[in-house]
Amino acid sequence: MILRVFFILIFLRCFSFLLNSNENPLIDEDNLLEKLAGVVVLTDKEDNQLSEINRLVVNIPSYEIFACKDSEIVKKYRISIGCRGLPTVEGIFTIDWKMKNAPYRPIEGSPYRKIADSFPPGENNPMGTRKMHFWGPVCIHGLSQEKRKLIGSPRRGSCVALLKEDIEELYEHIRGGTKLEIYYKVNKIIKKNTGIEFKKYPDLYNGYRKIVDNPETQKYPHIIKKIPVYYLNLPSLENTPVSNWDVEKKTLNDIFLIIEK
């Protein structure tokens, strides 16, 4: 009887340890890619070419799109994203077609529908000179000359928008089938040889975000989910080695990590 109680106590102790380790996983500095479940990890390298791009990664709160070769950053561009109420969709997609100098026909509910039923190609086209489609009515596209100032800020529209010169450069190196990932990560960690830099971005959508669970479904979602974000406690972590960080599991899903080499 005593022996049975002893084994039960040992089992409960082990089970309790497993639960605690799952709730507060340690981030191992020597094995970041495996330990940072739910974290987007990219490596910033300087020797890749634009012709090698096979992956696009967007982080909405930081207004950035990363053109990558696998997990290595080839080039970064500043973007404009959808505003609160018309949030840019999140999910994993593919670029299925692209088009130069296309006319633009605003969908129902678009603020441009109040201006005109259609816009011809040209400098004043709201889609700019290039667009790359990935889901429903949503594209990566350029901006008209008068809208250049919107880069680095939200606007009335759910698409991802770049400067004219940036979309024209990127367009030439993106093929059909290129993977596109759109995330909402409010914490960015940049790991450099000189140390670790933190950046914390505002919750632009105040938790109300639009998630596409199945990109094959072309129906435009009108239900926006309330999803809380979790910020890292930066002051307590800033002078602590990464291997000693004790971060809650839910917080990991809001971290974007760039390792500079």
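Here, each number is a calculation from the coordinates, and none is a lab measurement. As the structure is a prediction and not an experimental result, all values here were calculated from the model. Glycine gets a Cβ as well: all are built from the backbone with ideal geometry, and neighbour counts include every protein chain shown.
Which order, highest average first, do 94-103, 45-54, 248-257 follow once you tally other Cβ atoms within 10 Å for each residue and take the mean per peptide? Intermediate results must be reported in sequence, preceding the final value.
Details: 94-103: 14.7, 45-54: 12.6, 248-257: 18.0.
With the highest mean Cβ count within 10 Å placed first, the list reads 248-257, 94-103, 45-54.
With each pseudo-label sitting 7 Å past Cα toward Cβ, what's the Leu234-Asn124 distance in nm, one decimal?
4.3
Under a point spin-label approximation (7 Å from Cα along Cα-to-Cβ), what is the Glu46-Lys100 distance to one decimal in nm?
Inter-label distance under the simple model: 3.3 nm.
If you look at just the Cα atoms of segment 41-95, how large are its Rg and its Dmax in Å?
Gyration radius and largest Cα-Cα distance of segment 41-95: 12.2, 40 Å.
Using a 7 Å offset from the Cα along the Cα-to-Cβ direction at both Asn193 and Ser153, what is the distance between the two label points in nm, to one decimal?
Taking the simple label geometry, Asn193 and Ser153 are separated by 3.9 nm.
Could you sort 71-78, 133-140 so that the peptide with the highest average Cβ count within 10 Å comes first and the rest follow in order? Please report the intermediate quantities before stating the final value.
Values: 71-78: 17.6, 133-140: 21.2.
Put in order of decreasing packing, that is 133-140, 71-78.
Relative to the present Cα-Cα distance, how much length would full extension add between Glu165 and Tyr208 at 0.36 nm per residue of separation?
Numbers: separation 43, 0.36 × 43 = 15.48 nm, distance 3.18 nm.
Once the chain is fully extended between Glu165 and Tyr208, it gains 12.3 nm.
Show me 225-236, 157-168 ranked by packing, highest mean number of other Cβ atoms within 10 Å first. Walk me through the numbers on the way to the answer.
Values: 225-236: 13.2, 157-168: 21.4.
The most tightly packed comes first, giving 157-168, 225-236.
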